[in-house]
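Undergrad: Structure in structure tokens, see below.
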């Protein structure tokens, strides 16, 4: 049975979006429970672990579950890649019996609510990889108990919550809205950004039924300052797809303007700075070497994949994602062009990439454009290195690895490519004789600098 055929077998009456201020007066749904845990978090990555810590900080009894013993060891050793504020929360949680780390899914039966926070990546063909999500949902369904709330936060296609949670729970004899509660509320965590607290970001939630929505909104309100309710699971799922597709399209537009401005010998950053002075109707997006992380390079492909299945065209989104996918290749082409203008070729030239994480001040390499750039430079015959103290090694296609260059000056690169600038990065080793390709569009003071 197809995704679309299985959707909406649990009907939800149409109604307007409401904030939690419009919720009926109900007691905290955990008040009548004697469960060991108020909430269980399944998956302790960049989303799950901060979510677990936010709930614990708010006073909830938390089960933090992950099938990876290595990940659990990293967390217990306080070595997880977290914001400083979350490191403080983790230190407090590790010594508190109301916060339990485990790899035992049977413990899920003792939780009043279960929140699924596992990655939803795309494969090398930009197709959704649902293997982790299917496995996590199956585990949760197998251990679901009457009265439990099950919430999915992983970004995916419209109808996924119905396919992977609602229908399997019904097959087990658990009826959403009556004997079990099912909801979707996409994560909104920005790794590396400590300027906005996790609990200060509004949460959007939709339920399989009105009763599911009420319970889910109450759960989220235990730590989130604001909860926005929508009328269905599908609306909540589509909201996250819109958020990140919006960003993808605008980043692709910024990249295109960067190419246009270079052709016309105009500084694109001057143009963006000027346009940003308009107090309405403009939102600032900067060009770059590509897009990485767990959201923008992946989420729109879940939408496009689903649309292809129902023969619906989305030409603007398709073109934006094509441009984003091709951007790292343009960095390699531009490196070849810069060297050619200096009378050299890529083959045999020493090229050093500065920063390989997908964004500043994180060690996250997921979907980082730098990985494809390094591979492309090497395939063109360049002698390649990189400097990034947050990322000690990088895996490339074919199983090869590169190690961080401890002394970038000694690498003696003819071309330096600026990819990601961490706040603590030192660029004083770059000489006036070295060519610099600034794919970050930020280091304007360097000699021999050209932009992507």
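Each value in this text was obtained by applying a stated rule to the coordinates, not by laboratory testing. Small disclaimer: the values here were computed from a predicted structure and weren't measured. Cβ sites come from the backbone with ideal geometry, for glycine too, and all protein chains shown count toward neighbours.
Undergrad: Rounded to the nearest 5, what % of DSSP beta bridges with both residues in the range 3-231 are antiparallel?
TA: Numbers: 5 of 30 bridges.
Antiparallel bridges make up about 15 percent of those DSSP assigns within the range 3-231.
Undergrad: Starting with the highest mean, order 348-358, 62-72 by the number of other Cβ atoms within 10 Å, averaged over the residues of each peptide. Show your work: numbers first, answer last.
TA: Details: 348-358: 23.0, 62-72: 19.1.
Ranked from most to least packed, the peptides come out as 348-358, 62-72.
Undergrad: Something else about it: Among 247, 327, which comes first, then next, by fewest other beta-carbon atoms within 10 Å? Let's see the in-between values first.
TA: Values: 247 18, 327 22.
In order of increasing Cβ crowding within 10 Å: 247, 327.
Undergrad: Let me ask you something else. Using only Cα atoms, find the angle between the long axis of helix 369-379 and the longest principal axis of the chain, and express it within 0 to 90 degrees, rounded to the nearest 10.
TA: With rounding to tens, the tilt is 40 degrees.
Undergrad: Neighbouring Cβ atoms within 10 Å as the yardstick, rank 184, 282, 37 fewest first. Intermediate results must be reported in sequence, preceding the final value.
TA: Working: 184 32, 282 11, 37 26.
The most exposed by this proxy come first: 282, 37, 184.
Undergrad: Before rounding to the nearest 500, sum -39500 (n - 2.57) across all DSSP H runs of length at least 4 in the chain and divide by the residue total; then give [θ] at 222 nm in deg cm²/dmol.
TA: Values: 13 runs with 154 residues, N = 452.
After summing the helix terms and dividing by residue count, I get -10500 deg cm²/dmol.
Undergrad: Taking every DSSP beta bridge with both residues inside the chain, roughly what % is antiparallel (nearest 5)? Display every interim value, and only then the final one.
TA: On the way: 8 of 49 bridges.
Once the DSSP bridges in the chain are tallied, antiparallel ones form about 15 percent.
Undergrad: Nearest 10 degrees is fine. How inclined is helix 84-94 to the longest principal axis of the chain, computing both from alpha carbons?
TA: The answer is roughly 40 degrees.
Undergrad: For helix 131-143, what angle does its Cα long axis make with the longest principal axis of the chain, in degrees from 0 to 90 and rounded to 10?
TA: Taking Cα atoms only, the helix is inclined about 20 degrees.
Undergrad: Here's a follow-up. Report the Rg/Rh value for the chain, based on alpha-carbon coordinates and the Kirkwood definition of Rh. Write out the running numbers ahead of the final one.
TA: Working: Rg = 23.8 Å, Rh = 23.7 Å.
Rounded to two decimals, Rg over Rh is 1.00.
Undergrad: Now for a different question. Please state the shape class of the range 3-231: rounded when a/c is under 1.5, otherwise prolate if a/b exceeds b/c and oblate if not, all from the C-alpha gyration tensor.
TA: Values: a/c = 1.41, a/b = 1.25, b/c = 1.13.
Cα axes put the range 3-231 in the rounded bin.
Undergrad: Can I ask one more? Counting other C-beta atoms within 10 Å, which of 73, 440, 232, 363 has the fewest, and how do the rest follow? Could you put the intermediate results ahead of the total?
TA: Working: 73 11, 440 20, 232 23, 363 16.
The fewest-first ordering by Cβ neighbours comes to 73, 363, 440, 232.
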